[in-house]
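So the structure is just underneath, and the comments pick up after that.
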There are 2 protein chains.
Amino acid sequence: MTESPESAPSGRSRVRRKADRGRYDWAALCEVLDAGLICHVGLVLEAGPVVIPMAYGRVDRRIYLHGASGNATLRGLFSGAEACVTVTVVDGLVLSRSAFNHSVNYRSAVLFGRAEAVQDEAEKRAALTAIVEHMVPGRSADTRPPSPEELRTTLVVGFSLAEGSAKVRSGGPLEEAADLGLDHWAGQVPLQLVAGEPIPDRRDDAPPPVPDYLSQWAENRSRPSR
Amino acid sequence: MTESPESAPSGRSRVRRKADRGRYDWAALCEVLDAGLICHVGLVLEAGPVVIPMAYGRVDRRIYLHGASGNATLRGLFSGAEACVTVTVVDGLVLSRSAFNHSVNYRSAVLFGRAEAVQDEAEKRAALTAIVEHMVPGRSADTRPPSPEELRTTLVVGFSLAEGSAKVRSGGPLEEAADLGLDHWAGQVPLQLVAGEPIPDRRDDAPPPVPDYLSQWAENRSRPSR
């Protein structure tokens, strides 16, 4: 990855299709990583490629994944397998007059590299904090921190953002000139992952009020953009 | 894949972690496939594993992916590479009193197999129709169908659902008994991909009214569940 939005670092991460949609700079990647909620991790296990959804967190130019020590995907990453981590945010549907030009508005970040096992306890704690903070900023200070036993049974891997690309599709439909006169409705439908009302744990007879950081987070996700 | 929700067909698709969350039957997979909007396709290209977001459609027990003939992922699939197609629907965040027990409510389908190139023109048309219908049911009849040239330059691959598993996490937080007395807020926050108002193509001076199938679709996606 480079600071330049123009040059791809290698053939693997170069966006080939719709190359005008591709960016390789750090800021573009972070925007997508911070907007996404989960990632899809791909690696090759004995039987072939697998793609698994996982939570993640970011600290600087490193993203962290975690899981129980029995998790096969995590174990594969832990042992240094080549991997790809993809984060996709769906922003809307694009309906054109032709079936052919239908599309999806989205932002994606595709990262390549080898994950590194995080063994250092301080980094492990920081990574787990980052994963909780990625879900809801402000949350980690309002929880019981991991016990030594919980830390021990959790695998954490770090993924340095050495190589990757961001891709963004936005705006209305492409159309062939000859299709513009057709009377099919055309345009876009915005989509956003929206939060409902927080539901307190039913075991709480007198649940504490919804904390500010959480109602703020839900409020920010309470309506589709535009 | 079997009709039984209990038995996994092979080691690869067996859900190992939280095995009580895994199901292998056809109905469970289709529920997730029909609820999802995009999939993440993993395969191994020359440089290593890649995971790419793609639109998809389903016809019976076969899912279809499409792309331009220059698309490297599609070409890999077209040539019969082993692949994994994963669809994930995020349903909410799960906040526990302990950082350790935070989780995400989700439904995922993870499918393994080799994609087959679709060469037959009728099947190709049916596949492209299915992909448009997967976006918005009813839409395909309200578009200009693909021209012979558009068909020719579009690669379509079919993916038979021979092996896969669905995994669902729902409900409130797990807690250690000792944590139940802590006064951190705990519970879940529902999340749903919600549609905003359809925005007509700005090139349309007098856009046709939003068609019923589209306003119905947007209405069904206009508020978070619960």
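Side notes on the structure shown:
- C-alpha center-to-center spacing [the range A:107-167, the range B:61-80] in angstrom: 33 Å
- Over chain B, relative contact order from alpha-carbon pairs under 8 Å, at least 6 apart, %: 24 percent
- Here's the picture: a label point sits 7 Å out from the Cα of B:Arg114 along the beta-carbon direction, and within the range B:40-60 the residues with their amide nitrogen under 18 Å of it are B:42-46.
- Every helix of 4 or more DSSP H residues in the protein assembly as shown counts as -39500 (n - 2.57), and over all residues that averages to -6000 deg cm²/dmol at 222 nm.
- Column: log10 I(q)/I(0), Debye, Cα scatterers of the range B:120-226, q = 0.18 Å⁻¹: -1.11
- Pseudo-label separations to other copies for A:Gln216 - Cα-to-Cβ vector, 7 Å, nm: 4.3
- For A:Ser79, the label point sits 7 Å beyond Cα toward Cβ; its separations from the matching points on the remaining copies run 2.7 nm, from shortest to longest.
- Within the protein assembly as shown, DSSP assigns beta bridges of which about 95% are antiparallel (rounded to the nearest 5).
- Residue-averaged beta-carbon neighbours from other chains (10 angstrom radius) around A:154-164: 0
- Amide N proximity, the range B:140-172 versus A:Ala47 label position 7 Å along Cα-to-Cβ, cut-off under 15 Å: B:161-167
- Distances between copies of A:Glu150, taken at a point 7 Å out from Cα along the Cα→Cβ vector and listed shortest first: 5.3 nm.
- Counting Cβ atoms of other protein chains within 10 Å of each residue's Cβ and taking the mean over peptide B:142-148 gives 6.
- Tensor-based shape of the protein assembly as shown (alpha-carbon gyration tensor, a/c under 1.5 rounded, otherwise prolate or oblate): prolate
- Shape category assigned to chain B from the gyration tensor of Cα positions, a/c cut at 1.5: oblate
The numbers here are math on the coordinates, done by the rules we state, and not lab data. As the structure is a prediction and not an experimental result, all values here were calculated from the model. Note: ideal-geometry Cβ built from the backbone for every residue, glycine included; neighbour counts use all protein chains shown.
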